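Here is the structure we will look at, set down as structure tokens.
The values are calculated or read from the model by the stated rules, or taken from the named source; none is laboratory data. Values in this document were obtained by computation on a predicted structure and should not be read as measured data. Because the Cβ atoms are built from the backbone with ideal geometry, glycine has one as well, and the counts that use them run over all protein chains shown. Keep in mind that these areas ignore ligands, DNA and RNA; they rest on the heavy atoms of the full protein, side chains included. Shrake-Rupley method; radii C 1.70, N 1.55, O 1.52, S 1.80 Å.
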Amino acid sequence: MRAKNAFRSALAVSALALIGTSVPGQAVAAADTTSHAAPAAAVVQADDLTFASQASKSARSIVSANPKAAARAATVCGAGYTQILTAKRLPNDSTRYATVYVYTDGSTTGPRIYDRPTCGVLHNETGSAQYMGIRLKDNYTDTPHDEDFGTFSTYAGPVRQKKGYCGEVYSYMKKGGRVVIDNVSSVGTCN
């Protein structure tokens, strides 16, 4: 666990140093206190990002306004996760504490539209460690949800689903003892 935290902190500091922070004046806070999974070492550049055809106009606008932040979140997901499905400022555009990103690597894991791997990250934009989390679920009832909750300075996640398209992403954050984000969003555009 300690090695994962050290790796996660080193990757976050490296990504922030390479790309810069998304919030002016944001300092890198102390190491995250918990870890979900170690991300791949490949750094995703803003030019590597593409939009899935189902990405909303709002997601396109958010990523276009800050492609470096979207690239940092994709770096956390690991190699290949460069196709954006979802990007949403939370709790809203005018009061932003975090941005949730969901990516796919463009592959399929089965014959249905649902059968696409997805990866989600909740990027903390408060400038300090907060209790926060992200949960990704697919469109199948028998698949366990993948989640990452804890006190994080930079992001919660990555969380993954092998057949995550048409699923849901849940985002949560407490700031100053008060819930400021409690949001469920769709992944993809399915009926």
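Hey, can you find the accessible area per residue of the stretch 50-98 for me, probe 1.4 Å, expressed in square angstrom? Don't skip to the end; give the middle numbers.
Details: 2060 Å² over 49 residues.
Dividing the accessible area of the stretch 50-98 by its residue count gives 42 Å².
How do 48-54, 97-103 rank on mean C-beta neighbours within 10 Å, highest first?
Working: 48-54: 15.4, 97-103: 28.0.
Result, highest mean Cβ count within 10 Å first: 97-103, 48-54.
Take the alpha carbon atoms of the stretch 40-191, find their radius of gyration, then divide it by 2.2 N^0.38 Å using N residues; give the quotient. Intermediate values should be presented prior to the final figure.
Numbers: Rg = 14.2 Å, N = 152, 2.2 N^0.38 = 14.8 Å.
In units of the 2.2 N^0.38 Å rule of thumb, it is 0.96.
Over the stretch 124-191, give the accessible area per residue in Å² for a 1.4 Å probe, as an integer.
Details: 3060 Å² over 68 residues.
About 45 Å² of surface per residue is accessible.
Can you pull the percent of the stretch 54-191's accessible area that's carbon plus sulfur, 1.4 Å probe, other chains left in place?
C and S atoms contribute 44 percent here.
For T143, what accessible surface area do you get with a 1.4 Å probe? Give it in Å², rounded to 10.
40 Å²
Could you work out, for the stretch 38-103, what percent of all Cα-Cα pairs fall into each 10 Å distance bin, beginning at 0 Å and stopping at the bin that holds the largest distance?
24, 55, 20, 1
Taking the Cβ of S53 as the center, what net charge do the other residues with Cβ under 13 Å away carry, scoring Lys and Arg +1 and Asp and Glu -1?
Details: positive: K57, R60, R116; negative: none.
Neighbour charge sum, excluding S53 itself: +3.
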